[in-house]
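As C-alpha cells, the structure follows; a few thoughts come after it.
What follows is calculated from the coordinates using simple rules that are stated; it is not laboratory data. Keep in mind that this is a model prediction, so the values were computed, not measured. Please note: Cβ atoms are built from the backbone with ideal geometry, for glycine as well, and neighbour counts cover all protein chains shown.
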Amino acid sequence: MIDRAKWRGKGPQEPTRTGKKSEIQSSPEVTDQLTFLHLSARDLETVRALKSDIKAVVHEVAAEHYDRIEEIPELQAIMDRHSNREQLTRTFVHYFTNLFSIEDFDDNFVNTRRAIGRIHSQVHLPAKWYIASYIRLYEHLIPRLVHSHSRKPDQLADILLSVLKVISFDMQLILEAYEEETEFRFIDHISGIMESILKIDGTANILEASATSKNHAEGISAAAEQLTASIREVAQQASRVADYSDQVIHHVESGRRVIQESLQGMTDLGESFKAAREKIVGLSNAAEDISHIASLIRKIADQTNLLALNAAIEGLGLEITVGDLRSLPPRCAPWPIRRRSRFIGSRGLWNKCNGKPGSFGSWLTRSSTTSASGWRNPGMRSGPSRRLSARWDTWRSFSMK
C-alpha cells in the first residue's frame, strides 16, 4: 500500500518569488496562489464587512441548494448513504459563515479546506456538483449587494472582486485536495492489484488474478473517465463564473454612467433656474423705472395745467369766484397763493389776508357775494367776461379729467 503522507507532499515548498508577494499571513505552500490571485488583506477586510449580508441569505441559500439536490436521484442517493439533510444544512451554513469571517489563510484554514475536498472525493461526489453549489450563493448575494451599493458603482466593483477572489482561492484548495485524493485512490487501487498478482501461486491463481485485474482495470477506467469529466466541468464552470462577473461589471458601469448623466441634468436645470431668476429681477427693475417715469409725467401734466390756468387769468385780467376756485382739483389748490399779487391786485388786500392761505379763501368767500351772481348770469357778463367764462369752463373740465 502507498503511504498517504509521502504521496500527498514532500513537505512545504518554497513559493516562487514573482511579482509583489501577498501580505496575508498564510501557509508558505499557498503564497504563490494568493499572489497570483492578487488576494490582499484589504480583500479579506472587505469580505468580513459582508458578514451581516451573508447571514441574511445563507439559510435561504442552503434550503434552495438541498431542494435542488433532492430533485437529482444521483445526489439524493449520495446524501442518503453518507448523511442527512439537517446535518448537511448545518455544515453548509457554517462553511459559508466561516468563509466570510476569515482573518488569514493559516495552516488550520488550508487543512480544513483540503479535508472537505478529500471527503467529497471519498463519497464519490462529482466535482461539477460541488462547483454548482456556489451559483446558489451568487444568485442571492450578488443582487443584494448590487441593490445596496447601486449608487456607489466603484465600491460595488471592489466588493464583488474581493468576494470572487476569496471564493476562487477556497475552491482551488478544495479541488486540489479532491484531485489528490482521487489520484491517490486510483494509484492505491493499482498497487493493491499488483500486490495480488505478486502473491499468486499457480495458473489458477494467475487467471483469477487476471480476472480481478480486469475488473479493477475497468473500475480504474471508469474512475479516470469520471475524473476527466469532472475536470472538464470545473473548467466550464470557471468560464461561466468569469462571464457572469463580466456581465456584473458591465451593469455596474452602465449604472455609473446613468448616475453621472442624472447629476449633469440636475446641474443644467439649476443653471436654467438661475438665468430665469436674473431675467425676472431685470423685468422688476424695468417695471420700477416705468413707474418712476409715469409719476414724472403726471407731475409735468399738473404743472402744465397750472401754467395754462395762470395764462388764462393773466390774459383776461378778470376775477374768478370762490365757488370756481373750490371746484379745482386738490392738486391745483396752491396756485392762488403763488399768484397772489396778480390775482388780488393790491398790497392792502394781501395784508388783509395776513399772507395765510386759509384766510385768503375765507376773504374771497366774503368779498364775492355781490359779484358771484353777476359772474354766473351770462346776460350780465361783458364780452371779455364771456370769453373768460368759456375758457374757464373748458380748462376746468380738462383739469377734472
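To make sure I understand, if each residue's beta carbon is the centre and we count other beta carbons within 10 Å, what order do Tyr178, Tyr130 fall in, fewest to most?
If I rank by nearby Cβ atoms, fewest first, I get Tyr130, Tyr178.
Kindly rank 225-234, 274-283, 112-121 from highest to lowest mean number of other beta carbons found within 10 Å of each residue.
Values: 225-234: 15.0, 274-283: 9.8, 112-121: 18.6.
Sorting 225-234, 274-283, 112-121 by mean packing, highest first, produces 112-121, 225-234, 274-283.
Note down the nm distance, to one decimal, between modelled labels 7 Å out along Cα→Cβ at Gln264 and at Ala229.
Simple spin-label model gives 5.4 nm for this pair.
Calculate, in nm to one decimal, what Thr304 and Arg257 gain on full extension: separation in residues at 0.36 nm each, minus their alpha carbon distance.
9.8 nm
Roughly how many nanometres apart are two label points built 7 Å out from the Cα toward the Cβ at Ala211 and Ser101?
For Ala211 paired with Ser101, the spin-label model returns 5.6 nm.
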